Each structure stands twice: as structure tokens, then as C-alpha cells.
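Structure, as C-alpha cells:
FYI, it's all coordinate maths here, none of it is from the lab. Bear in mind the structure is a predicted one, so any value in this text is a computation, not a measurement. Here the Cβ is made from the backbone with ideal geometry for all residues, glycine too, and neighbour counts use every protein chain on show.
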Amino acid sequence: MQCRCSRVAPTVDLRMSHEPSAASTDTASNSSTRLNSQRRSILHFLAGARPTDLARILWSHGGVSRSSAFQVVVMAACALARTPACTMETFRVARRVKNFSFAPPPVFIVGHWRSGTTYLHNLMSLDRRFSFPTISDVLRPFDFYPSPVEPISRWLILRLLPSTRPMDDVPLAPHLPQEEEIATATMGALSFLNCFYFPKRLSEVFAKEVLFHGASADELSKWSESLRYFLAKLAALSPERRLLLKNPAHSARIPHLRALFPGAKFVHIHRHPFDVFRSTQKLYRCLLPSLALQHYELSSIDEHIMWAYPKIMNLLLDSLQDIPAADVTTVSYVELLADPGGAVARIYRDLDLGDFSHVRPSIQLTDRSFRSSPSIFDMDEDTQSRLALLWKPVLDRLGYAMPTAVQSSFPPP
């Protein structure tokens, strides 16, 4: 079967397809003001689930609020309407997926959310030797294969989606890569997206579904099977191309990924943690109003981020040490902004990804007018001091200095 054109990105303008600097994020008060006015889409991401999966997802996460009842009705209607197409596709791909071999193994881009993962993914996806999931794939994990009815559901999805991501105005173009984490959530597996869908116990969901703390053997098996199934379906559409995947949640799951995909390559991108904090605030404040199916406390977001960041980053940094040098490399967001072509070229050399010469012109053309902004930690001193206290070990491991405002609290040894 031939690869659809949406699987490989043409040369496009990605100047704005990057994580914004901390200076560009709104203050917490401004974000809170926008929460009440933000419009919710009728079509929730979980509308791509199958009926049994949808029922299990809602039940296992404690149900939904009364205000979300209409969205659940729409989800159920979509699930029922798509059941014939999903069933046909399941039988159609069963043998191919079961015996599929990931050769060469995938390349995974990891790093905390808002660290530049999307920007790097978009740049590397310009290489036509890679394949990747698109937004219409991850929202329809059971029925994205070409068929007489597939264009209808794809058209409906693209019609109802916003033109840009709410947290950073990055385009939601149909040809750009997306995270497979959206697909695994829709398939009923453990997923970071459930933090947005079911935020009533935000940190508890994060601990179980991202860090896998307290996850049962059956839940881990379901996650592994769902991830492999979706990626095998995707890769089978273009078997001559290598999968290029970006998923910050995988930062906590590297041992599991290496077991599933022996020989996989990893690119870790990192950014100053204080910038990450401000941008992650905006991520939650922008996505929760659109995706949450339960009531949540906006005031708990900062505490959650302060707790979660060192948890996932220490897991990531520990896991990277166990990967053979030929299979892992690290790049900073600052390096990527300063010289996109040079940074990506080094990634290719470090991981032996092949000839970069035909990719460099596309990247240079794309980013000719892009300029980075300096880091500005626009937060109050109390928040900076708390971050400095809680996150200092991670700052030290990543090699970042404390902001001037809090350096006096940590005299040199």
C-alpha cells in the first residue's frame, strides 16, 4: 500500500512552529480570565474511541461532570457511527500488524513539554525518509487507513479543529506531525492526555499514566499493545520510511520503549527549567478549558507542575545514561534556535541517520528569518525561590544557572 501524501511533510514555513519563550506567555491572571471565554469544541478528542473503549475510559476515571454530558453524547454517537469502519479496518490490517518488523527502529524525540520538542519534530519531519502520525491519524487510531469512507471522517475532523494550537498558535496543519499519545488515550491505554480529560485528580493521573507509578501489569500490557499496534499500522503504510516520533510523556518510559523497539534512537531536547515552568503553566491553562470532562481547581496547576517536573526529568536523565552512546544524543533549545540546520546536522551525525545534505536547504529556507528571544523569567520572587529550591538538582544535572534574582539564596559551595 502506498503512503498517503500527508505522511510526509513538504517544505513549509515553520518559523512559528516552536515553543514560545517565557516572555511570550500570559500571566496567570490573564490566562484565568480567558478560561471562561474559551469556546469548547463539540467534537472531543475521545470521539475517535470505540464504544467499549469509551465506556471503560469514562468509568475508570471516575465519570464526567454534568456540564460535559452533551460532549459524551456526541462521543458515543461518533463511536457507534464509526464502528463498521473500525471493525473492517481491524480485520484488514490484523495480519500485517501482527508480523510487522520495525526496521530500522523508530527515532524518538523526548524532553519535557514546552522544551522545543514540537519545533524539532517539525524540522526533522522535512526529511522525506521519515514517516510520522498526523492529526487525523492520532484522532482516528482505528480507522485512518484509506477507504471509501475515510475522507469523510478526515474532512469532519479537520473542519472542526481550530487552525492553531491554543497554547502557542502553532498551526494544526493536516500534514504536520503529531504525538501518538493522543491515539493511545483514545484506544483506552494509559496516557498523559487523560490529565487533561480527567483533571479532578491531576497529579494522581499523571503519576499512574505518565510515570507508571501504581500501574498494574494488565494496564502496562494494554499500553504496550496499543502503542505497538498503532505504530505498526502507521509504519505499514510506508514501510520504506523510518518512524520519527515526538512524545514528551515517553521521557518517563524509555526502558519500556527500548524493550518494545530494540535499537531505537533517542533525541533529548531540553530548555531552561524556569522557562519550561512558565510555558507549562500556559499549556495547562489553555488546554484544560477545551478538553476537561471534569471539574478542576485552577489553583492546583502550579503545585502539580512543581511536583511533576523533577519526577519525570530525573527518570529521563537516569534512563538516558543506560542507552548506548550511538543511540542517544542531546540538544538544547537555545542551540536549536541559534542554528537550526547545524543542530539538526549534529543530531544526524550522532545517531548515524544518513545523509543530511538534502535536508539542510529546506531547514535553512524555513528558518531564514527566525530569531530567538532571550529568556525572561517573568514570575514573582516567591515562585522563583520555590522553583530554585525544588528544582535545583535538575538544573544542576542539565547545566543551567540559577536566575540572578535567586542566586543569593544558594551561595557557591
Original post:
Which distance in nm do the two modelled labels at Q321 and D339 give, with both placed 7 Å along the Cα-to-Cβ direction?
Top reply: 3.0 nm
Subject >> Gap separating the Cα centres of the range 271-293 and the range 116-154, nearest whole Å >> reply: 24 Å
**OP:** Can you bin the range 67-128 into rounded, prolate or oblate? Criterion: square roots of the alpha carbon gyration tensor eigenvalues sorted a ≥ b ≥ c, rounded for a/c under 1.5, prolate for a/b above b/c, oblate for the rest.
**Re:** oblate
Original post:
Taking θ as phi - 60°, what are the ³J(HN,Hα) couplings along the range 303-315 by the Karplus curve (6.51, -1.76, 1.60), each to the nearest whole Hz, with x for Gly and Pro?
Top reply: 4, 4, 4, 4, 7, 6, 4, x, 4, 6, 5, 5, 4
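Want the number for A55 to A217: 0.36 nm per residue separation, take away the alpha-carbon distance, what's left? Kindly include the intermediate steps, with their values, before the conclusion.
On the way: separation 162, 0.36 × 162 = 58.32 nm, distance 2.09 nm.
So the extension gain works out to 56.2 nm.
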**OP:** Mind giving me the nanometre distance, one decimal, between the label points for L160 and R346, set 7 Å out from Cα along Cα→Cβ?
**Re:** 4.4 nm
Original post:
Given a cut-off of under 8 Å on Cα pairs at least six residues apart, what relative contact order in percent is computed for the range 168-279?
Top reply: 24 percent
**OP:** Under 1.5 on a/c is rounded, so check that first for the range 167-227, then, if it is not, pick prolate when a/b is larger than b/c and oblate when it is not; a ≥ b ≥ c are the square roots of the alpha carbon gyration tensor eigenvalues.
**Re:** oblate
**OP:** Calculate the spin-label point distance for A81 paired with R397, positioning each point 7 Å from the Cα along the beta-carbon direction, and give it in nanometres.
**Re:** 4.7 nm
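For E225 and E381, what does the FRET efficiency come to when R0 = 45 Å and r is the distance between their Cβ atoms, rounded to the nearest 0.05? Provide the component values of the computation, followed by the final result.
Details: r = 48 Å, r/R0 = 1.07.
That gives a FRET efficiency of 0.40.
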